[in-house]
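As structure tokens, the structure follows; a few thoughts come after it.
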Amino acid sequence: MKLGIWCDFGSTLEPNAGIGVFVANLVETLANQPSIEEILLVAKAGEEHKLEPLQRKANELSTTHSTNHQSDISRVNNTPQGINPSPHKPFKSAPIRIVGNPKPPFVIRKLWKTLRKTERKRLYPTFGHSPSHKKSWWCSPIVRFLDGCATRSKQQWLDSVDLWLLPYVGLDHPFSKPTVVVLHDLVTVHFPESIRPSKLASFKLLVSQVTDRATIVACMSDFILKNDLLGTLGLDKSRTAMVRPAIPRDFSSEGQQATNALSPNLAANGITPQGYLLYPAGFRSYKNHALLVDALHALSQESSDELRSLQVVFTGSSDLPADLTNKINALGVGDRLKMLGKVTRSELESLYRNAYATVVPSLYEQGSFPLMESLHFGCPILSSDIPSLREQLQAMGSSALFFDPRSVQSLAQSLRELSIDRQGKLKEQLEGFRAMQARTWDDVAKEWCVVFDRALSM
């Protein structure tokens, strides 16, 4: 099949951040699946270069895989490399194309968006209810006409694929081909304080429209499937799918091959090895950064010098919210907080390798890549005790350290437990982590291909 993957959501999903990490890892292995003939990646016009690393990485993997495949055949047949007496078809990775998504003329774009919003209000009243599908309503014919105007310049590549994978649900765009939409979670619905009321209302309508028109709505957690897709949205189970991810593999180095030294630019920020708790996440209320701020204040009362001197390092691209700023100032812990903003993947790797622990205090998540990334680089983890993260870390058994994300005392107790024998606890966690590593992105890609086949047959 020819697969399109939409990466333009106002800005292009970058392979080193957020949902882009999922896309990057998936694309690399989808290109190696026998059923995939070609992959088309759609970037925002002018940002095509952001997706070029995926092309290069897929080509590298294709070359490596092909060399290994030829070597295996040669060994089996006891023949020199370069001679292929075997009837096996040589491995070839699917080509990856990148196109820019052009904007329609301003007048058409403005009118189109306005009428599509109006149409959504009419057709998609609330979650959990079937849309009214009053297609004869006056707005619909005009919107369909404007759909054609807005997509005319890109119709050739829109129709060049058999199916579209939409890695994020927030896309207002018409498609004539089957679509598989990934809904990571509905956290903004469960935590409405994280978004303006008017924006939340628009988001709910958009989610209702996109999931109703999708061929299949997929997620990456059984908890999200039951709670958000089947529960909140009320989708028919036959139109849903769940594919768990694997451990991200997009870092530049593997395991302990790279140096453990803290990179100089991070050291210049006053960060000391083994002297900080790391939380790599943008500032949103449900990410619960406030708990770590409270924990800094609580840890200052600890008898242990190791815990009392810990700093907290935040990374992420969002500005510090006013309520968090006020809390930091009120508790007087600003000198022990390091807010680094957006960091590169190599810098993040260095932060993982040198952290005392990675702490994820989220109130609601589909899952957490940072927990897996942290263990990959030999850093112990402490996780919020919520269903999706329990599900994700199930293979780790009792070695996983959980805490109540609404209790600073619970987090402090987990840190005390870690401090008793940090190296021993890390060893236990890494043993559990090895069980998680049994699942690869090749396994993930195979399962996504099954979902794509289902969508094409519906």
Euclidean distance of C-alpha centroids, the range 1-51 and the range 301-316, integer Å: 39
Once the piece of chain linking ASN265 and HIS297 is laid out straight, how much longer is it, given 0.36 nm per residue of separation minus the C-alpha distance between them? 8.8 nm
Simple spin-label model, 7 Å along Cα-to-Cβ: SER160 to LYS117 in nm? 3.3
Report the gain in length on full extension from SER309 to GLU37: 0.36 nm times residue separation, minus Cα-Cα distance, nm rounded to one decimal. 92.4 nm
Please work out the C-alpha center-to-center distance from the range 163-193 to the range 257-293 and express it in whole Å. 31
For ARG56 paired with ARG439, estimate the spin-label separation in nm (one decimal), with each label point 7 Å from Cα along the Cα-to-Cβ line. 3.1
Integer Hz, Karplus 6.51/-1.76/1.60 couplings in order for the range 98-115, x for Gly and Pro: 10, 10, x, 8, x, 8, x, x, 3, 5, 5, 4, 5, 5, 4, 4, 4, 6
If I model a spin label as a point 7 Å beyond the Cα along the Cα-Cβ vector, how far apart are those points for SER317 and LYS199 in nm? 1.4
For the range 264-436, just run the numbers: alpha carbon Rg, then divide by 2.2 N^0.38 Å, N being how many residues it has. 0.95
Once GLU417 and ILE19 are pulled to full extension, the length gained, defined as 0.36 nm per residue separation minus their Cα-Cα distance, is 140.0 nm
For the pairs LYS44/LYS237; LYS2/LYS50; LYS110/LYS154; LYS287/LYS425; LYS177/LYS287, flag any whose C-alpha to C-alpha distance is greater than 29 Å. LYS44/LYS237; LYS177/LYS287
The chain, convex hull of Cα, quarter of hull surface, nm² -> 24.8
Do any chymotrypsin sites (Phe, Trp or Tyr not before Pro) in the range 367-458 lie in a loop, going by DSSP, with at most 11 other beta-carbon atoms within 10 Å of their beta carbon, and if so which? none
If I histogram all Cα-Cα distances within the range 149-233 using bins 5 Å wide from 0, what percent of pairs lands in each bin? 3, 14, 23, 21, 18, 10, 7, 4, 0
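Quick note: the coordinates plus some simple rules give every number you see, no bench work behind them. From a predicted model like this one, the values you see are computed outputs, not experimental measurements. Note that we place each Cβ from the backbone using ideal geometry, even for glycine, and neighbour counts take in every protein chain shown.
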